[in-house]
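What follows is a short report on a single structure.
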Amino acid sequence: MKNPIEGYLGKGEGGKRSKVPAKLDRWQSITGAILGLFIMGHMFFTSSILFGKDAMYYETKIFEGSLFLDKPQPYIVSIAVAIIFTIFIIHAGLAMRKFPYRWREYRILKTHVTTINHTDTSLWIVQAITGFMMFFLGSVHLYLMLTIPEKIGPYASADRIYSDKMFILYSILMVSVIVHAMVGLYRLSVKWGLPQSDNPRLIRQKAKKAMWIAIIFFNLLGYSALSVYWKIGYEHQDRYGERYHPQSKSIEKGVDI
Ligand code: HEM
């Protein structure tokens, strides 16, 4: 072991504290920022279905590399999922360090929240609960996207959502991921990014307002898209498994989805 004294006592020689916790904290912020920004993009991408089946089909082909390959390749999506899944697991692992595991720790946290009555402290509890939910629900979704990327498309996704009953999982995952991502980005901005000002309270209030607007906006967008997938899946249930063919042949390139 590199430094056994620090390993046993949590302090190095001369009473110096380890820099590792601060480094881990920074990595938690970096992975959180990547995932938060990714989720905003993701909600726009899945919402392409609001513009019609052709729009979603075309977008799916682009993610499979249709702009630079002769034949779209779903494995490209798997590579992207593997990267996001890895960041997701690292982020969850780093965040778990701060969970109150013992009853005593939980009691201290609860007393802290009720006596101080500070919104940003309460938001930390929201993060812990939504993060815990996402860890299980998000993993199911990511595993499916990783292993069957070829089954993404207007009918394939709608069949999964309606006939395979994924709408139950997505309905719970949606609100937890949006709240978690937006609260997380707000907390990051308070911690690292808000501009210096004579009135920090006002800046913080503005950031919190932006957070609430984003939560409402992405929930409306996400649940609207989910309803459209659900409706397409409902209408398509008798032809479950059939792939979508776009109206315009010019956007059909290679593979049916
Ligand atoms: C590169 C990684 C990802 C890919 C390729 C991906 C892809 C998709 C696709 C294609 C859908 C449409 C429904 C379906 O086909 O099953 C979807 C829906 C959804 N995804 Fe992801 N996803 C990824 C990462 C994530 C992550 C990390 C989360 C959150 C933990 C997430 C949460 C959701 C939710 C809540 C829905 C339903 C919302 C909607 O219909 O707009 N996804 N995703």
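Tabulated data
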read-out: Condition met for Phe51 (under 30 Å from Val228 (Cα atoms), within 13 Å of the ligand (Cβ to nearest atom) and modelled with pLDDT of 90 or more); value: no
read-out: Qualifying position, being among the polar types (S, T, N, Q) and more than 16 Å from the ligand (Cβ to nearest atom), among Thr130, Thr119, Thr147; value: Thr119
read-out: So Tyr186, is it more than 10 Å from the ligand (Cβ to nearest atom), at pLDDT below 95 and among the aromatic types (Phe, Trp, Tyr); value: yes
read-out: Which listed residue, of Leu67, Leu37, is under 15 Å from the mean Cα position of the chain (by Cα) and loosely packed, with under 15 Cβ neighbours inside 10 Å; value: Leu37
read-out: Residue in segment 20-38 that is within 14 Å of the ligand (Cβ to nearest atom), closer than 26 Å to Tyr155 by Cα and assigned to a helix (DSSP H, G or I) present; value: yes
read-out: Residue within segment 79-97 that is away from the ligand (no atom under 11 Å from the Cβ), farther than 27 Å from Lys23 by Cα and in a helix (DSSP H, G or I) present; value: no
read-out: Test for Asp198: is it among the acidic types (Asp, Glu) and either crowded, with 21+ Cβ neighbours inside 10 Å or more than 10 Å from the ligand (Cβ to nearest atom) (or both); value: yes
read-out: Residue that is closer than 20 Å to Trp124 by Cα, out of contact with any strand residue (DSSP E or B) (no Cβ under 9 Å at 6 or more places or on another chain) and not hydroxyl-bearing (Ser, Thr, Tyr), where the choices are Arg239, Arg201; value: Arg201
read-out: Residue match in segment 170-188 (condition: farther than 23 Å from Ile125 by Cβ and without any contact (Cβ under 8 Å) to a residue 12 or more places away in the chain); value: no
read-out: Test: residue in segment 218-235 that is closer than 20 Å to Phe135 by Cα, surrounded by 20 or more Cβ atoms within 10 Å (Cβ to Cβ) and free of Cβ contacts under 8 Å to residues at least 60 places away in the same chain; value: no
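Listed here are the residues, each with its yes/no results for (1) at pLDDT 95 or above; (2) surrounded by 14 or more Cβ atoms within 10 Å (Cβ to Cβ).
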{"position": "Phe99", "(1), (2)": "no, no"}
{"position": "Trp124", "(1), (2)": "no, yes"}
{"position": "Leu137", "(1), (2)": "yes, yes"}
{"position": "Thr147", "(1), (2)": "yes, no"}
{"position": "Pro154", "(1), (2)": "yes, yes"}
{"position": "Asp159", "(1), (2)": "yes, yes"}
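The values are calculated or read from the model by the stated rules, or taken from the named source; none is laboratory data. Model, not experiment: these values are computed from the prediction. Using ideal geometry, Cβ is built from the backbone for each residue, glycine included, and neighbour counts are taken over all protein chains shown.
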